[in-house]
1. Considering each residue of region 101-121, count those that are touching a residue at least 12 places away in the same chain (Cβ under 8 Å) and over 19 Å from GLY28 (Cα atoms), and give that number.
2. With surrounded by 14 or more Cβ atoms within 10 Å (Cβ to Cβ) and either over 25 Å from LYS2 (Cα atoms) or touching a Lys or Arg at 6+ places or on another chain (Cβ under 8 Å) (or both) as the only criterion, which of SER120, SER70 stands out?
3. When only residues in region 86-111 that are surrounded by 13 or more Cβ atoms within 10 Å (Cβ to Cβ) and of a type in the set (Ser, Thr, Tyr) count, which is farthest from SER34 (Cα to Cα)?
4. Under the condition of being outside any helix (DSSP H, G or I) and either out of contact with any Phe, Trp or Tyr (no Cβ under 9 Å at 6 or more places or on another chain) or assigned by TED's automatic domain parsing to the domain that holds MET98 (or both), which residue from region 1-13 is surrounded by the fewest Cβ atoms within 10 Å (Cβ to Cβ)?
5. How many residues does region 14-29 hold that are surrounded by 11 or more Cβ atoms within 10 Å (Cβ to Cβ) and either modelled with pLDDT of 80 or more or touching a Cys at 6+ places or on another chain (Cβ under 9 Å) (or both)?
6. If we keep just the residues of region 73-122 that are touching a helix residue (DSSP H, G or I) at 6+ places or on another chain (Cβ under 6 Å) and charged (D, E, K, R), which is nearest to ASP41 (Cα to Cα)?
7. Just the residues that are among the hydroxyl-bearing types (Ser, Thr, Tyr) and assigned to a helix (DSSP H, G or I), please, taken from region 84-118.
8. Residues that are surrounded by fewer than 13 Cβ atoms within 10 Å (Cβ to Cβ) and under 20 Å from the mean Cα position of the chain (by Cα): does region 36-58 have at least one?
Amino acid sequence: MKFLEYTPLARINAFLSHVDVGGCMIQGGLEAYSCKLAGVDKKLSRSLEQEVVDSLAYLPFDLSTSPVGSLSSTASRRTLIYLILTLNHMYPDYDFSMLRPQHFIKEHGVFAAKQKIDVSLVEASKWIGNILEFEAFRRVGTF
């Protein structure tokens with residue numbers, strides 16, 4: 001996989017770089033990658049593919065319920081591998097090669113995904129608010 005400079009994402013990234021949600025700032029971004037495998041990615045892809053195919057022979061549960069689809073399908077296995085490779089490229093300090101289908105969740109539509117993100121952000125803002133209150137109380141108590 002290779003990072004692609006895709007200029008239409010620049011405006012979206014400019015917005016996502018500083019989203020003020022009332023008391024908190026969210027920083028995010030979108031990146032584009034090619035799906036052509038080369039070098040280390042090709043080697044890791046083959047290794048992951050073999051692991052999944054081997055696991056099909058001895059896993060007792062039904063792999064058709066995987067969030068990426070039935071792992072007996074080549075397309076579903078590729079989806080899983082592309083997700084793992086993309087995470088490896090986005091976060092090079094971490095190794096995501098041990099992720100399996102059960103570590104992912106398939107969202108059914110943009111609205112459902114938006115709702116989950118909204119709930120997560122509200123929960124995160126409460127947590128951050130509690131930390132800030134604690135720090136403010138601690139500092140006032142030290143004077």
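The values are calculated or read from the model by the stated rules, or taken from the named source; none is laboratory data. All values derive from a computational prediction rather than experimental measurement. Note: ideal-geometry Cβ built from the backbone for every residue, glycine included; neighbour counts use all protein chains shown.
1. Pass one, region 101-121, residues touching a residue at least 12 places away in the same chain (Cβ under 8 Å): 101-102, 104-106, 121.
Add one more test, that the residue is over 19 Å from GLY28 (Cα atoms), and what stays is 101-102, 104-106.
Final tally of qualifying residues: 5.
2. Details: SER120 fails: surrounded by 14 or more Cβ atoms within 10 Å (Cβ to Cβ).
It is SER70.
3. If we take residues in region 86-111 being surrounded by 13 or more Cβ atoms within 10 Å (Cβ to Cβ) and of a type in the set (Ser, Thr, Tyr), then SER97 is farthest from SER34 (Cα to Cα).
4. Taking region 1-13 as the starting set, the residues that turn out to be outside any helix (DSSP H, G or I) are 1-8.
Add one more test, that the residue is either out of contact with any Phe, Trp or Tyr (no Cβ under 9 Å at 6 or more places or on another chain) or assigned by TED's automatic domain parsing to the domain that holds MET98 (or both), and what stays is 5-8.
Numbers: GLU5: 8, TYR6: 12, THR7: 6, PRO8: 8.
Looking at residues that are outside any helix (DSSP H, G or I) and either out of contact with any Phe, Trp or Tyr (no Cβ under 9 Å at 6 or more places or on another chain) or assigned by TED's automatic domain parsing to the domain that holds MET98 (or both), I get THR7.
5. 0
6. Filtering first and then ranking leaves ARG77.
7. First pass over region 84-118, keeping only residues among the hydroxyl-bearing types (Ser, Thr, Tyr): 86, 91, 94, 97.
Passing the criteria: only THR86.
8. Yes: region 36-58 contains one or more residues that are surrounded by fewer than 13 Cβ atoms within 10 Å (Cβ to Cβ) and under 20 Å from the mean Cα position of the chain (by Cα).
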